[in-house]
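Have a look at the structure below before the remarks.
The values are calculated or read from the model by the stated rules, or taken from the named source; none is laboratory data. What you see is a predicted model; the values in this text were computed from it and never measured. Cβ sites come from the backbone with ideal geometry, for glycine too, and all protein chains shown count toward neighbours. The area values use the complete protein model at the heavy-atom level, side chains included, leaving out ligands, DNA and RNA. Shrake-Rupley method; radii C 1.70, N 1.55, O 1.52, S 1.80 Å.
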Amino acid sequence: MADRIVDRATPIIKPIVEELGYVFVDLEYKKDVSGYVLALTIDKEQGVNIDDCERVSRALDEPLDDLDVTDGKPYNFNVSSYGLDRQFKTDYDFNKHLNKLVDIKFYAPFKGMKNLTAKLIDFDNSKIIVEYNNENIDIERKIIARICANIVF
């Protein structure tokens, strides 16, 4: 059901987001403590603030109501910025972090490591290539539990 709702909503949401000058990063329909949520993630080169999220939310209120993507079932609509600790899911996530350090957590130890911080060199649907200790390493995506940007404070 969640995929069907996302599939119905994306063609309405994506063009409006892009027309407003933002990048459509991700759309999820999920259950949380308050009920069901249609959660949109947006980005732009200079970063996204609360005013940007409100602007996008207001622009989408009427089209989403008209489309009735949940067939009358109640839901909350949330627009959020691209978080620093966002787990990579889409090509946008990987492209945004090419040639940058990423933190990788494995389901089981990989080359003796449960976690790895390395530079993301390339990716495709089945693997990523990272540079670690001046060596390029191919890692199958199916063995990665989590990958996100390396955050240094």
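So is Glu54 within 30 Å of Val130 (Cβ to Cβ) and either without any contact (Cβ under 8 Å) to a residue 24 or more places away in the chain or in a helix (DSSP H, G or I) (or both) or not?
Values: within 30 Å of Val130 (Cβ to Cβ): no; either without any contact (Cβ under 8 Å) to a residue 24 or more places away in the chain or in a helix (DSSP H, G or I) (or both): yes.
The answer is no for Glu54.
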Any residue at all in the range 72-86 that's aliphatic (A, V, I, L, M), within 17 Å of Cys148 (Cα to Cα) and either at pLDDT 95 or above or part of a loop (DSSP other than H, G, I, E, B) (or both)? yes
Looking at (1) free of Cβ contacts under 8 Å to residues at least 40 places away in the same chain; (2) assigned to a loop (DSSP other than H, G, I, E, B); (3) farther than 28 Å from Pro11 by Cβ, which is the only condition Lys119 fails? (2)
Pairs with Cβ under 7 Å, 6+ apart, first in the range 10-26 and among the charged types (D, E, K, R), second surrounded by 12 or more Cβ atoms within 10 Å (Cβ to Cβ): Lys14/Phe24; Glu18/Phe24; Asp26/Thr41; Asp26/Lys89; Asp26/Thr90
For the range 138-153, how many residues are touching a residue at least 24 places away in the same chain (Cβ under 8 Å), surrounded by fewer than 16 Cβ atoms within 10 Å (Cβ to Cβ) and part of a strand (DSSP E or B)? 2
Residue pairs qualifying under the 8 Å Cβ cut-off, at least six apart or on distinct chains, with the first in the range 81-110 being more than 17 Å from Phe123 (Cα to Cα) and touching a residue at least 60 places away in the same chain (Cβ under 8 Å) and the second being open to solvent by less than 90 Å² (accessible area, probe 1.4 Å) and part of a loop (DSSP other than H, G, I, E, B), are Leu84/Ile151; Asp85/Ile151
Breaking point among (1) within 24 Å of Ala145 (Cβ to Cβ); (2) without any contact (Cβ under 8 Å) to a residue 40 or more places away in the chain; (3) part of a helix (DSSP H, G or I), for Asp65: (1)
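In this structure, does Tyr36 turn out to be closer than 30 Å to Arg141 by Cβ and either open to solvent by 30 Å² or more (accessible area, probe 1.4 Å) or assigned to a loop (DSSP other than H, G, I, E, B) (or both)? Before you say what the answer is, go through the steps one by one.
Numbers: closer than 30 Å to Arg141 by Cβ: yes; either open to solvent by 30 Å² or more (accessible area, probe 1.4 Å) or assigned to a loop (DSSP other than H, G, I, E, B) (or both): yes.
Answer is yes for this residue.
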The one condition Pro11 fails out of (1) open to solvent by 30 Å² or more (accessible area, probe 1.4 Å); (2) over 30 Å from Lys142 (Cβ atoms) is (2)
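Quick grid of which residues meet (1) open to solvent by less than 70 Å² (accessible area, probe 1.4 Å); (2) out of contact with any helix residue (DSSP H, G or I) (no Cβ under 6 Å at 6 or more places or on another chain):
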site	(1), (2)
Lys73	no, yes
Val79	yes, no
Gly83	yes, yes
Asp91	no, yes
Lys100	no, yes
Asp103	yes, yes
Met113	yes, yes
Asn125	no, yes
